[in-house]
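In what follows, a single structure is set out as structure tokens and then discussed.
Derivation of every value follows stated rules applied to the coordinates shown; laboratory data play no part. Everything numeric here is computed off the predicted structure, so don't read it as measured data. Neighbour counts run over all protein chains shown; Cβ positions are idealised from the backbone, glycine included.
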Amino acid sequence: MPLVTSTDMFKRAYSEKYAVGAFNVNNMEIIQGIVQAAAKENAPLILQVSAGARKYARPVYLKKLVEAAIEDTGLDIVLHLDHGEDFEICKQCIDDGFTSVMIDGSKHPFEENIALTKRVVDYAHEKGVVVEAELGKLAGIEDNIKVSGKNATFTDPDEAVEFVERTKVDSLAIAIGTSHGAYKFKGEPKLDFELLETITRLLPEYPLVLHGSSTVIPEFVQMCNDFGGNIPGAKGVPEPMLRQASKLGVCKINIDTDLRLAMTAAIRKSFVENPDVFDPRKYLGKGRTAIEEMVAHKIKDVLGCSGKA
Ligand code: G3H
Ligand code: 13P
Ligand code: ZN
């Protein structure tokens, strides 16, 4: 069974009011943990690779691991480039066999973002690959680029309509208050659902994407800190807000930080509880199990995509 695009996944997600999880992958244990959970839950799945992941693991390893996951489970999986910053990286991933790429032109002025996105869409569509773009700016850190809260801008609904019409992009990441990393909110967590509803009304049946959607699960932050970590004051998007977004046209929800926290918490605990162990399989295996349990929870209780594969 080959890699698939997200076209049919998003159509069903939109009409049945759930979201597909897009999880960031960097190594074998992360891939196995996520895929195991999706297989058990019979859920649609997007595995996404950032430029940082490509640099860390090398593209060919990640691609082959994802192919192995498909062979092992028979699941439909989308292999997606996360936050492609220019045409070249998107082209490379398309040529390498990715079924979906993100061109993130959100840091550019509107017209430049349109021109860049359109160039990628034209190339991708010719090869049967789908494209995600971004309009509006999220706060937070991604690929070491920091956007401060004051430089974040929410998506303008009229611009979103014009952007989609002119670029023919397949899905659009919007900024409604989420941000990347573990420190999403200074005060109470808040998303602009009114803005989301406006965008959905103006772009009916169109798949929207939410980045920066980790909940920063307190139990994992606590566990990291209980076993020697120091993660102060982290705050993420409450899970009911993600569920609500998934009923309002958000078809793809991106999660990375929660994977990092789950894995790190389990490994920290394992090191402290078993200081004499030096077999990487022992502690990486615990990290992999923690990821599997956390992803199963997201699929069942947050995204609502259990049984939708
Ligand atoms: O949004 C970005 C993802 O969390 C990827 O992070 O660039 O450190 O791999 P990374
Ligand atoms: P988090 O790090 O907040 O989970 O965001 C992930 C993301 O948006 C990847 O593109
Ligand atoms: Zn992102």
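Key figures
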| read-out | value |
| --- | --- |
| Expected-Rg normalisation [2.2 N^0.38 Å, Cα atoms] applied to the chain | 0.95 |
| Estimated inter-spin distance, V277 and T198, nm [label 7 Å along Cα→Cβ] | 5.2 nm |
| Hits among aspartates and glutamates - C-alpha to C-alpha of K40 under 19 Å, sequence gap 8 or more where chains match | E29, E67, E71, D72, D76, E292, E293, D301 |
| Cα centroid separation, the range 230-309 to the range 146-220 (Å) | 21 Å |
| Helix-only [θ]222 nm of the chain, DSSP H runs n ≥ 4, -39500 (n - 2.57) each, per residue, nearest 500 | -14500 deg cm²/dmol |
| Within a Gaussian network of the chain (alpha carbon springs, distance under 10 Å), most fluctuating of N42, N225, N254 | N225 |
| For the chain, built as a Gaussian network whose Cα springs stay under 10 Å, the top-fluctuating residue of K55, K247, K91 | K55 |
| Under the span-like rule (Cα at least 18 Å along the axis, Kyte-Doolittle mean at least -0.5), DSSP H helices of the chain | 28-41, 59-73, 110-126, 257-273 |
| Order of D170, D8 - criterion: other Cβ atoms within 10 Å of each residue's Cβ, fewest first | D8, D170 |
| Surface/4 estimate of mean projected area, convex hull on alpha-carbon atoms of the range 1-43, nm² | 3.6 nm² |
| Order of Y18, Y61 - criterion: other Cβ atoms within 10 Å of each residue's Cβ, fewest first | Y61, Y18 |
| Fluctuation leader among A22, A37, A68 - the chain, Gaussian network, Cα springs under 10 angstrom | A68 |
| F220, F278, F227, F193 arranged by Cβ crowding within 10 Å, fewest neighbours leading | F278, F193, F227, F220 |
| Sparsely packed GluC sites (Glu not before Pro) within the range 169-242, loop by DSSP, other Cβ within 10 Å at most 13 | E205 |
| Share, in percent, of DSSP beta bridges within the chain that are antiparallel, nearest 5 | 10 percent |
| Close Lys-Lys pairs in the range 167-309, where close means Cα under 14 Å and separation is 8 or more or interchain | 9 |
| Environment charge of Q36, counting only residues whose C-beta is closer than 12 Å and scoring Lys/Arg +1, Asp/Glu -1 | -3 |
